[in-house]
1. Which whole-Hz ³J(HN,Hα) couplings does the stretch 12-29 yield from phi under the Karplus relation 6.51 cos²θ - 1.76 cosθ + 1.60, θ = phi - 60°, glycine and proline marked x?
2. If a paramagnetic tag sat 7 Å from the Cα of residue 384 along the Cα-Cβ line, which residues of the stretch 75-110 would have the backbone N under 15 Å from that point?
3. Over what distance in Å are the Cα centres of the stretch 240-273 and the stretch 1-51 separated?
4. What dipole magnitude, in Debye to the nearest 20, does the stretch 22-165 give about its Cα centre under +1 on Lys/Arg Cβ and -1 on Asp/Glu Cβ?
5. Can you give the direction-averaged projected area of the convex hull of the alpha-carbon atoms in the stretch 7-410, in nm²?
6. Could you give the size of the charge dipole of the stretch 198-302 about its Cα centre, using +1 on the Cβ of each K and R and -1 on the Cβ of each D and E, expressed in debye and rounded to the nearest 20?
7. Normalised by the residues of the chain, what does the relative contact order come to in percent, with Cα pairs under 8 Å and at least six apart?
8. What's the angle, to the nearest 10 degrees (0 to 90), between helix 89-112's Cα axis and the longest principal axis of the chain?
Amino acid sequence: MIAQPTWYQASAHSAPAHPALSGERRADVCIVGGGFTGVSAALELAQAGRRVILLEAEQIGWGCSGRNGGQINPGPACDYATLVRQLGAADARKVWALSVEGVELLRRRVAEHAIDCDLKAGILLVANKLRQVDELQQWQASLQALDYQQLEFYDRASLQQLLRADYQAGVMDWGGGDLHPLNYLLGLARAAQACGAELFERSRVLDWQQDALGVTVRSSHGQVRAEQLILAGNAYVGKLLPWTQRRFMPIGSYIGATAPLGDLAGQLIPSRAAVCDMNHLIDYYRLTADNRLLFGGRASARDGHPNRLRAVMRTRMAQVFPALAEQDFEYLWGGQVAMTATKAPQFGRIGSRVLFAQGYSGQGVALAGLAGQLVAQALIGRAQGFDLFARLRHPLVPPGAPLQVAVRALALLWYRLRDMR
């Protein structure tokens, strides 16, 4: 991935630098990956009194957790019907309830650890086309049947109270919201460290081995001997997870940040809610605390330079907000999202000592934090939630980058054609 400077990095609170791993160390649990999943697991385990070492190849929040859209959605990205087909009605409902708890977990942690991350409530799902209005209302009814009462429907006219853009209808989810994801993650990392977790940056893991007595995790300048291992690299886990277990493909996603818009920001989005549309290849956007518009989307089969998509993204932004037709992006960056074929997350085990969680399919701000908690709980004897998610089945993905790029390109072409209907 080509790492461009992000607005999140430019506006992040100061955070301590963590050393690189050197020499040999011991821990109860070693965690690979310094994103939402890994840091959440580190915090949970450290609070439970476990000796935790977390290894991050770059810096805490370097991957998708520190560069995503910052939108908080209850539920996994897959259709609820997918959960019912695979798990049955009763356990599908448990997964939904756990995912709602993931949002509450996020809010509790922000409050408990006094994390300054611009957290606010409200996310709008909007219908681009008339045929999507029925789908939107069906989605609302299905969640209300699960006793989720946070949703309000707005028709085309009343939607203008919340969002001055040309959509057919919208549903406001007051249970969702948005935040500054990097500042949230840095706050979690500070909390984990305060509870005793050891965090190491610039410590890329080369390989790991599991035996009857524990797990050995090796980096270029050191190694960790632990009783258990959590692989939390998500889209960046690479060869640390065998391809037969890696049931996702990384998809490039891109975000631009305008200059501060001043009073215009509130005129465009009076509700200041985060927004996501209903296309397969979505546009998503929100206002920042300093009145920038963060505008994201434009999925890509290849991991390329964001500037190649600048004109396309500016055009998309201007189609949503004609008043921004002359606006460019002060920041433009990309990252990889781990997409599963079903859009459901993937939890699993390798042997008796290694667990992993990944594949949040673009909905990981709350779900990845929940996953970290569930992985940690599984390691200390409360595996019910983890095992429930681990029952979700996922088709194999093709091995090798060239074939995956071809499959991703075909899938994105199919989605574009469906969006044109």
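Readers should treat all values here as calculations from the given coordinates under stated rules, not as data from a laboratory. Model, not experiment: these values are computed from the prediction. Cβ: placed from backbone, ideal geometry, glycine included. Neighbour counts: every protein chain shown.
1. The phi angles translate into 6, 5, 4, 9, x, 7, 9, x, 7, 5, 9, x, 10, 9, 10, 8, 6, 9 Hz.
2. Zone members listed by number: 90-99, 101.
3. Between the Cα centre of the stretch 240-273 and that of the stretch 1-51, the gap is 22 Å.
4. 100 debye
5. 18.8 nm²
6. Dipole size: approximately 320 debye.
7. Answer for the chain is 25 percent.
8. 90 degrees
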